[in-house]
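Scroll down for the structure; my scribbles are underneath it.
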Amino acid sequence: EVIRKRLLIDGDGAGDDRRINLLVKSFIKWCNSGSQEEGYSQYQRMLSTLSQCEFSMGKTLLVYDMNLREMENYEKIYKEIECSIAGAHEKIAECKKQILQAKRIRKNRQEYDALAKVIQHHPDRHETLKELEALGKELEHLSHIKESVEDKLELRRKQFHVLLSTIHELQQTLENDEKLSEVEDAQEASMETDPKP
């Protein structure tokens, strides 16, 4: 229990309180010493205790300075780690952008490949122009044929109209001739039936 209390009180002081207590007791003994030899002995003990205290204090100061330097070093390392983390975040963001760009490029390439396959199934422009030129010539030829047929049809329509008119006139003439012959026959008949004077 006593040792535990001393450790709790002294902490990491490595017995500094005990040395100071011994120094005070040695000083009191030196002040109360009767003979010169005893006083010299107490004096030497006090010097030894003082040197131990100075050494301990110097050691403590060195440890304190070392702790300060370690704290500065840790702060420097912490800042370097923070900079590294920030750089890593920037690299990650840049890599994400590059991944998105790569995905877009890949998608565009796939679309280009699909379009190229579709285009390959169709004839090239030169052949298409030749086919269009041939179709244009054929269409022009058919247009001429159509115009020719329409002209013939119009001619036949006019001829048919003339024919109908001629038939109508002929029919009218025949009817007139038939009426005249009937009138003449009637006149001849009446003349034959009338008595001569």
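Odds and ends about this structure:
- Between Tyr112 and Lys158, the simple label model (points 7 Å from Cα in the Cβ direction) yields a spacing of 6.6 nm.
- Distribution of pairwise C-alpha distances over the chain, 10 Å bins, in %: 6, 9, 9, 7, 6, 6, 6, 5, 5, 5, 5, 4, 4, 4, 4, 3, 3, 3, 2, 2, 1, 1, 0
- Leading residue at positive end of dipole, the chain (Cβ point charges), from Gln44, Ile105, His168: Gln44
- Under the membrane-span-like helix rule (DSSP H runs whose alpha carbons stretch at least 30 Å along the helix axis, mean Kyte-Doolittle hydropathy 1.6 or higher), the chain yields none.
Read-outs throughout are calculated quantities, based only on the coordinates presented, and are distinct from any laboratory measurement. Since the structure is predicted, the reported quantities are computational estimates derived from the model, not experimental observations. Methodologically, a virtual Cβ is constructed for each residue, glycine included, from the backbone with ideal geometry; neighbour enumeration extends over all protein chains shown.
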